[in-house]
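Just below is one structure, and these are the notes that go with it.
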């Protein structure tokens, strides 16, 4: 929210800083206090918003979104933000994944027609229903109180993970976070040349830097915040909350220059490298050089090389114009993009015994091709180290990992995975070290969601039936057993 009529340009810059969080589609809506203006489509930020569009999107308040599909399809109609015209007129964007969408549709949204299969549209309509009820019951009550009371009701109905930012006509910008704080949400502030406060809410504080906003704090789990049209910030703890953030955010999703829940992503990744180095030493591998698989593994690889007193080299050159393979929509697309994405330098690998460090090994297809590529570049031995533990369980809170059958570590020992990846040795981070790294950096967090590693789902409502239904919705078939909860 700004006091000048140029918010779209700032939203554009912020979205560029968050492009890593989703490459499927991008959307933006702005308001000048009387009209909403919207643009959304499939594609990257730079492709969706041209100069003509940016001139159209005037106003001093707005929101933007980049989408990484977990529920819903790849159609541009699934792009966010979503809109309902009653009550008031509400636009909403959502990071996360709801786990009870079918129940919400059946019990609370019988009178509303859903245009998409997106859980985000369900969330918007549940909130709209609750807000309409509050307005009908208490028409003379302060609109801020109506908003806070409505989100309290919504949080009591909705399960799963959700960090939400919405734009509400005649009210302002409204944001709230699920009571477990699974997905991140941060608040930034700056003072303009006239001495007025301006505010920004985003998934990561890395978005603040180019815009001149200063990190204020995380939005608390179960808290809602209103930024009024005249620039005031008011908040309420709508339900009791306890931060249990997704630890996969710090391994793979978030930028290294972000700090979330009081934990620096970069420092966390460095610590993972230090912890992993201790276990690598115990293996007694004969290693000549440590090489990261760009980009997310660099901090860990730097610390591993330092701890082992080995040279650190950049041996895999990345093509910056190829998207991240993990978040591409299907396996075939991921496979085709690997060799376009990376190229191995013979001068680094030829005749060397190499330790390749990656941030995580999920499906294994990419790593198998990288190992072969490094051997083709002349490496005599290729050892692998993963900063993350083996992924053995579906992620249901906003990362598209629904099927165990896709995981290379599914029902395989470390030795068997090593064989599949055609490596000479493989070591994973332990779950215990992973969780300890997070708790050491923020002792106030007693629990992280590490369900994709340990099968312990933080919301307590995920069972085998849910996982089977999830796969059926995606057309992926059955999964194996889930850890009892």
Go through (1) modelled with pLDDT of 95 or more; (2) closer than 22 Å to residue 185 by Cα for residue 79 and report which single condition fails.
(1)
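In region 118-147, what residues are touching a residue at least 60 places away in the same chain (Cβ under 8 Å) and touching a helix residue (DSSP H, G or I) at 6+ places or on another chain (Cβ under 9 Å)?
Our first condition is that a residue be touching a residue at least 60 places away in the same chain (Cβ under 8 Å); within region 118-147, this holds for 144, 147.
Correct list: 147 only.
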Could you tell me how many of the residues in region 185-198 are in a loop (DSSP other than H, G, I, E, B) and under 16 Å from residue 264 (Cα atoms)?
1
Would you confirm whether or not region 16-25 contains a residue that is in a strand (DSSP E or B), under 26 Å from residue 98 (Cβ atoms) and in contact with a helix residue (DSSP H, G or I) (Cβ under 7 Å, 6 or more places away or on another chain)?
yes
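Wholly within region 199-306, which strands (runs of 3 or more DSSP E) include no fewer than the required count, namely at least 1 residues that are touching a strand residue (DSSP E or B) at 6+ places or on another chain (Cβ under 9 Å) and within 26 Å of residue 157 (Cβ to Cβ)? Can you show your working first?
On the way: elements: 214-218, 223-228, 233-237, 289-292.
Where strands (runs of 3 or more DSSP E) fall fully within region 199-306 and carry at least 1 residues being touching a strand residue (DSSP E or B) at 6+ places or on another chain (Cβ under 9 Å) and within 26 Å of residue 157 (Cβ to Cβ), they are 214-218, 223-228, 233-237.
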Give the residues of region 142-160 that are out of contact with any strand residue (DSSP E or B) (no Cβ under 6 Å at 6 or more places or on another chain) and over 20 Å from residue 108 (Cα atoms), sorted by residue number.
142, 143, 145
Within region 452-470, residues part of a helix (DSSP H, G or I) and in contact with a helix residue (DSSP H, G or I) (Cβ under 9 Å, 6 or more places away or on another chain) come out as 452, 453, 454, 467, 469
Just one listed residue, out of 408, 338, 396, 391, is in the same structural domain as residue 319 (by TED's automatic domain parsing) and closer than 27 Å to residue 307 by Cα, and it is 391
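Results for (1) out of contact with any helix residue (DSSP H, G or I) (no Cβ under 7 Å at 6 or more places or on another chain); (2) closer than 24 Å to residue 393 by Cα; (3) modelled with pLDDT under 95, shown as yes or no for each residue.
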| position | (1), (2), (3) |
| --- | --- |
| 286 | yes, no, no |
| 292 | no, no, no |
| 313 | no, no, no |
| 327 | yes, yes, yes |
| 335 | no, yes, yes |
| 343 | yes, no, yes |
| 352 | yes, no, no |
| 380 | yes, no, no |
Condition set within 26 Å of residue 342 (Cα to Cα) and in contact (Cβ under 8 Å) with a residue 60 or more places away in the chain, scope region 393-402, selection surrounded by the fewest Cβ atoms within 10 Å (Cβ to Cβ): answer is 400
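This table checks each residue for (1) at pLDDT 95 or above; (2) closer than 18 Å to residue 246 by Cβ.
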residue: 416; (1), (2): yes, no
residue: 420; (1), (2): yes, no
residue: 434; (1), (2): yes, yes
residue: 446; (1), (2): no, yes
residue: 469; (1), (2): no, no
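Per-residue answers, yes or no, for (1) surrounded by fewer than 23 Cβ atoms within 10 Å (Cβ to Cβ); (2) assigned to a loop (DSSP other than H, G, I, E, B); (3) free of Cβ contacts under 8 Å to residues at least 40 places away in the same chain:
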position	(1), (2), (3)
361	no, yes, no
388	no, yes, no
416	yes, no, yes
435	yes, no, no
Select from region 161-174 the residues that are surrounded by fewer than 24 Cβ atoms within 10 Å (Cβ to Cβ) and either out of contact with any strand residue (DSSP E or B) (no Cβ under 9 Å at 6 or more places or on another chain) or closer than 30 Å to residue 265 by Cα (or both) and list them in ascending order.
170, 173
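Does residue 366 satisfy the condition of being part of a helix (DSSP H, G or I) and within 23 Å of residue 274 (Cα to Cα)? It would help to see each step written out before you state the result.
Numbers: part of a helix (DSSP H, G or I): yes; within 23 Å of residue 274 (Cα to Cα): no.
No.
Would you tally the residues in region 170-184 being under 19 Å from the mean Cα position of the chain (by Cα) and outside any strand (DSSP E or B)? Quick ask: steps written out before the conclusion?
If we filter region 170-184 for residues that are under 19 Å from the mean Cα position of the chain (by Cα), which is where we start, we get 175-184.
Still in the running and outside any strand (DSSP E or B): 178-184.
Here the count works out to 7.
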I'd like the full set of residues that are over 22 Å from the mean Cα position of the chain (by Cα), closer than 16 Å to residue 169 by Cβ and assigned to a strand (DSSP E or B), limited to region 26-59.
30, 31, 36, 37, 38
Kindly establish whether residue 210 is farther than 13 Å from residue 238 by Cβ, surrounded by fewer than 24 Cβ atoms within 10 Å (Cβ to Cβ) and in contact (Cβ under 8 Å) with a residue 60 or more places away in the chain.
yes
All conditions in (1) surrounded by 15 or more Cβ atoms within 10 Å (Cβ to Cβ); (2) modelled with pLDDT under 95; (3) in a helix (DSSP H, G or I) are true of residue 71 except (3)
Does region 290-299 contain any residue that is surrounded by fewer than 20 Cβ atoms within 10 Å (Cβ to Cβ) and over 20 Å from residue 361 (Cβ atoms)?
no
Is it the case that region 236-245 has a residue that's within 20 Å of the chain's Cα centre (by Cα) and within 20 Å of residue 401 (Cβ to Cβ)?
yes
Can you name every residue in region 122-143 that is closer than 17 Å to residue 225 by Cα and more than 32 Å from the chain's Cα centre (by Cα)?
142
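The values are calculated or read from the model by the stated rules, or taken from the named source; none is laboratory data. Computed from a predicted model, the values in this text were never measured in an experiment. Because the Cβ atoms are built from the backbone with ideal geometry, glycine has one as well, and the counts that use them run over all protein chains shown.
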